[in-house]
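Notes follow the structure.
The values are calculated or read from the model by the stated rules, or taken from the named source; none is laboratory data. Just so it is clear, the structure is predicted and the values come from calculations on it, not from any experiment. Here the Cβ is made from the backbone with ideal geometry for all residues, glycine too, and neighbour counts use every protein chain on show.
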Amino acid sequence: MSGTFERDTTPAPPAAVPVSVFIICKNERDTIGPCIESVDFCRDIVIVDSGSTDGTIALIESYRAKGYPIRLIEREWPGFARQKQFALEQCEGPWCLMLDADERLDAELKRTIAALPAEVEGVAAFSIQEREYIVGYGYAPWYVHARFNVRLVRKGKSRIDDTALIHESFAIDGAVQKLRGGVILHYRALSITDDVARTSTYAALKAEQKFRAGRRTSLGRLMLAPAMRFLKSYFFQRYFTCGRAGFIYSAMLAQYVFLTEARLYRLSLGNDAPRETLAGHRHEPKVEG
């Protein structure tokens, strides 16, 4: 799916069993509407806001007035992982779906999740494919970096590691299976100025997390890690097929890696500035897969 973003208004049948979705947000008025619309088949929509001032709350309330089963909770920001764990604990359904405010399900994924039975033998969680929006191109084609991450979990079988500052992950009590049929679409068309600022902030969090874990950098990593990240994204993950937009996207990922290593070095000297926070905001650059 490429080209500019369009809202998918295709209705999905009600879920066969109660499905909850949980979303954390702050100042997401421009993105959260399509996110809510894409989970209209869910019986339970938990949204935890950490102090929006841009009209996000009013927008969410307007969806609740239309009949969407939203439970809005306003709560101070304790960090990504702890806020998401709190949101997960508020869910009522046996299956719980984690989304960010700038994400939405495509029509096929809506139908796939809606058709899930209450239990799938031996499965405690599903990983779902994610597709990135690239400014100047559109959604990356299916053959570009088909990344799967755990998003749909059984209530009581999963917990988010609340010690992570960034790239929080689930601890799953059971097997994880890939959910075939549909994708999660991530849409955020940032300006270069905003993208650089966000990249710097997430690099600070990533570096602090690494530093706490005893990781340190070296001249070799400072020189090679960013270049390797670019080569991996641009060639091996095939972002070169997205033209100039794919080149810029890959370069931004390389910048994220460089800033992470640079901040890790400064932390080892004990003179890095205090880390910034982005309460409720996503996405951090995806560099693992």
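Kindly establish whether Gly122 is more than 24 Å from Ile166 (Cα to Cα), touching a Gly at 6+ places or on another chain (Cβ under 8 Å) and not charged (D, E, K, R). Write out each step before concluding.
Working: more than 24 Å from Ile166 (Cα to Cα): yes; touching a Gly at 6+ places or on another chain (Cβ under 8 Å): yes; not charged (D, E, K, R): yes.
The answer is yes for Gly122.
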Of (1) without any contact (Cβ under 8 Å) to a residue 40 or more places away in the chain; (2) touching a Cys at 6+ places or on another chain (Cβ under 7 Å), Lys155 satisfies all except one. Which? (1)
Considering each of Ser191, Ser218 in turn, give the residue that is farther than 14 Å from Thr260 by Cα and among the polar types (S, T, N, Q). Ser191
Regarding the stretch 222-241, can at least one residue be identified that is at pLDDT 95 or above, of a type in the set (Lys, Arg) and crowded, with 20+ Cβ neighbours inside 10 Å? yes
Only one of Val48, Val39 is closer than 25 Å to Val120 by Cα and not charged (D, E, K, R); which? Val39
Mind telling me which of the residues Tyr143, Tyr63, Tyr133, Tyr137 ends up being touching a Phe, Trp or Tyr at 6+ places or on another chain (Cβ under 6 Å) and within 30 Å of Ser191 (Cα to Cα)? Tyr133
Residues located in the stretch 71-109, provided they are crowded, with 22+ Cβ neighbours inside 10 Å and without any contact (Cβ under 8 Å) to a residue 60 or more places away in the chain: none
Exclusive hit being closer than 24 Å to Glu130 by Cβ, assigned by TED's automatic domain parsing to the domain that holds Tyr133 and in contact with a Ser or Thr (Cβ under 7 Å, 6 or more places away or on another chain), set Val46, Val39: Val46
Run Arg75 past the list (1) touching a Phe, Trp or Tyr at 6+ places or on another chain (Cβ under 8 Å); (2) under 20 Å from Ile172 (Cβ atoms) and report the number of the one that doesn't hold. (2)
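If you scan the stretch 72-97, which residues turn out to be in a strand (DSSP E or B) and in contact with a Lys or Arg (Cβ under 9 Å, 6 or more places away or on another chain)? Before the answer, list the steps.
Initial filter on the stretch 72-97 (in a strand (DSSP E or B)): 72-74, 95-97.
Within the stretch 72-97, Leu72, Trp95, Cys96, Leu97 qualify.
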